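The values are calculated or read from the model by the stated rules, or taken from the named source; none is laboratory data. Everything numeric in this text was worked out from a predicted model, so none of it was measured. Positions of Cβ are backbone-derived with ideal geometry, glycine not excepted, and every protein chain shown enters the neighbour counts.
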Amino acid sequence: MKKGRLFKTLRAIIITIFSVWTLFPLYWLLNTSLKTNRQVLQSPPSFFPAHVVFSSYTYVFSNFGVYFVNSIITALGSTFLSVIVGVLAAYSLSRFKFPKGFVAITSFIILAVRMMLPIVFIVPLFQIFRQTNLYNTHIGLIFAYTLVNMPFVVWLMTSYFQEIPHALDEAALIDGCGRLKTLWAVIIPLASPGIATTAVMAMIFTWNDLIFGLYLTSNSQAMTLPVSIIGFLSQYQTYWSQMAAAGVVAIVPMVIFLLFVQKYLVRGLTVGGVK
Amino acid sequence: MKADRWLRYVLLVPAFVVLLALFVYPIIYAFHSSLYTYLYGRPTGFVGFRNWGEVFGDRAFWLSILRTLIYSVIAIPIELVVGLGLALLYVDLSGRLAGILRTIVVIPFIVMPIVTGIIWKLIFLPHFGVADVIESSLGLKPLDWLGTAKGATASVIIMDFWMWIPFVFLIMLAGLQSQPDEPYEAAVVDGANPWQRFVYVTLPLLKPTILVAATLRTIDAIRIFDQVYSMTGGGPGVSTEFVSLHVAQVAFNLADFGHASVQLFIAFGVMLVLVGFFYSLIGRENV
């Protein structure tokens, strides 16, 4: 189908505007982080730093390091746990017959957890964690994030497993593999793109989330990076440059991560969008 | 196989332990809490359903739900239309440019939401922000974005466009790319013009995708928290205190777990009704 030149020009203009609109805010964050606070508080603001200073980054690295590590521990721990638990459950749901209604109820619960407002879990979990000494610990936070990540893994992996023909399982079983060996040696390698997709989604969600860490941790023992940034924000309201630098440091790992896993991320985002 | 009879449940055990310990038990716990009064975070007495009655008459709570709905009703339709429009423009673009654009589009999704809040706060800052520069270069009087109720709500919605239009775009694009060619060829043969092809072929075929996008957006819109928390903190006053922020305020600042627990159940109920509504629409489409 031929498209006119007018259409192509118009399309180029719109796409350019959209790209600038998407990228400019990130540039503005970077710009702010490379200025001094005195330069930030200039009216009108300058669109590039008069002279670049890295002092805000030095400040961030010396003050936020421990929270950065906490975030890494929490994100890896929760991703690992939810993928293992979720994959086992998804394999079972995709391969075996269950009593009537069992699958329906299970999928409803899983969907309900996925849809629920996080605050619904957090208020009771806060009270329970306080009584069980899980409050303000890595393990408590990992459990809490596993609750939100695992349903997503089960939901996505069930549909992935269903696409792998049952004949493969049967062939492996006839060759003398047990069920678990079949799952480990035959099915999981075939489903690895799906597992990668769910792991990427879980990792990004955990790294980026504020609310669980905000109410389930209280100090550097387990507090995650976003919570510490929020704490900084409320304490030093005019330290714009340091705040921006902390923001850059918080998003850079995921941006780098994106370069490697973009394929999986786009799939994870759009799955379910297409029947 | 005989072993399978047990194995099917054994494989599900870890998942059920997680759900029981972290979902079912907390919900029961919350229901239990909803029947008690609290002072400084400690239960002070059983009051039956008094908290429930009080929350049903609590204006501040219902206003926070109304605020969330108003924001959703304004933001989501615009996001759907713009996202679809961009996907239509983009769908037969290919090559290097298409790849770069696809990377750009994913970025707002992976930026930490609280950082998104900080970025837009910097942009809307009075005197020192970009919004002021744009307004004065257009000859307008700079608005007080973050200092007024309407301005703050508008800022939240604009930030929402930045975060979520790319997401809608990706879903719509995936939907468009999976459409079969035949109906289009038939429409061309029948002499349909581009607009007719859009209305009578693309839209009907894309309806399930649009409904899914609307559902996912609605779920996330009701849950909005992080980016608002860092951008406005719910203010000025309570003008951007959406439902999650309000419940968090009652639970953690007032340490009133009794009333907060009731609010949790109501918020979830509202969510279920909305999602049920969308799913019934989607279900009808598929039958």
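Does A:ILE229 satisfy the condition of being β-branched (Val, Ile, Thr), within 8 Å of chain B (Cβ to nearest Cβ) and either on the phi < 0 side of the Ramachandran plot or in contact with an Asp or Glu (Cβ under 6 Å, 6 or more places away or on another chain) (or both)? If you could, list the steps in order and put the result at the bottom.
Working: β-branched (Val, Ile, Thr): yes; within 8 Å of chain B (Cβ to nearest Cβ): yes; either on the phi < 0 side of the Ramachandran plot or in contact with an Asp or Glu (Cβ under 6 Å, 6 or more places away or on another chain) (or both): yes.
When the stated conditions are applied, A:ILE229 passes them.
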Some residue of region B:12-30 being within 13 Å of chain A (Cβ to nearest Cβ), of a type outside the set (Lys, Arg), exposed (fewer than 14 other Cβ atoms within 10 Å of the Cβ) and over 17 Å from A:ILE128 (Cα atoms): yes
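Yes/no matrix, rows are residues, columns are (1) touching an Asp or Glu at 6+ places or on another chain (Cβ under 7 Å); (2) free of Cβ contacts under 8 Å to residues at least 24 places away in the same chain:
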| residue | (1), (2) |
| --- | --- |
| B:ARG50 | no, yes |
| B:THR68 | no, no |
| B:LEU89 | no, yes |
| B:THR103 | no, yes |
| B:ILE114 | yes, no |
| B:GLY129 | no, yes |
| B:ILE134 | no, yes |
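Looking at region B:136-149 only, could you name the residues that are part of a helix (DSSP H, G or I) and without any contact (Cβ under 8 Å) to a residue 12 or more places away in the chain? I'd like the intermediate steps shown before the answer.
Step one: filter region B:136-149 for residues part of a helix (DSSP H, G or I), giving B:136-137, B:149.
Answer for region B:136-149, where residues must be part of a helix (DSSP H, G or I) and without any contact (Cβ under 8 Å) to a residue 12 or more places away in the chain: B:SER136, B:SER137.
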Quick one: how many residues across region B:106-131 are surrounded by fewer than 22 Cβ atoms within 10 Å (Cβ to Cβ), within 26 Å of A:ILE204 (Cβ to Cβ) and aliphatic (A, V, I, L, M)? 3
When region A:212-231 is examined, which residues are found to be in a helix (DSSP H, G or I), in contact (Cβ under 8 Å) with a residue 60 or more places away in the chain and surrounded by fewer than 23 Cβ atoms within 10 Å (Cβ to Cβ)? A:TYR215
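Answer with yes or no whether B:ALA87 is part of a helix (DSSP H, G or I), surrounded by fewer than 22 Cβ atoms within 10 Å (Cβ to Cβ) and over 23 Å from the mean Cα position of the chain (by Cα).
Details: part of a helix (DSSP H, G or I): yes; surrounded by fewer than 22 Cβ atoms within 10 Å (Cβ to Cβ): yes; over 23 Å from the mean Cα position of the chain (by Cα): no.
Considered against the rule, which asks whether it is part of a helix (DSSP H, G or I), surrounded by fewer than 22 Cβ atoms within 10 Å (Cβ to Cβ) and over 23 Å from the mean Cα position of the chain (by Cα), B:ALA87 comes out as no.
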Determine if region A:232-251 includes at least one residue that is modelled with pLDDT of 85 or more and farther than 25 Å from B:VAL228 by Cα. no
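Residues are listed down the side, and each one gets a yes or a no for (1) in contact with a Gly (Cβ under 6 Å, 6 or more places away or on another chain); (2) more than 14 Å from B:PHE61 (Cα to Cα):
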{"site": "B:LEU206", "(1), (2)": "yes, yes"}
{"site": "B:THR218", "(1), (2)": "no, yes"}
{"site": "B:ARG223", "(1), (2)": "no, yes"}
{"site": "B:VAL228", "(1), (2)": "no, yes"}
{"site": "B:MET231", "(1), (2)": "yes, yes"}
{"site": "B:VAL238", "(1), (2)": "no, no"}
{"site": "B:VAL243", "(1), (2)": "no, no"}
{"site": "B:ALA251", "(1), (2)": "no, no"}
{"site": "B:ASP256", "(1), (2)": "no, no"}
Yes or no: A:VAL200 among the hydrophobic types (A, V, I, L, M, F, W, C), without any contact (Cβ under 8 Å) to a residue 60 or more places away in the chain, closer than 28 Å to B:SER230 by Cβ and within 11 Å of chain B (Cβ to nearest Cβ)? no
Across region A:231-246, the tally of residues that are touching a Ser or Thr at 6+ places or on another chain (Cβ under 6 Å) and closer than 22 Å to A:THR137 by Cβ stands at 0
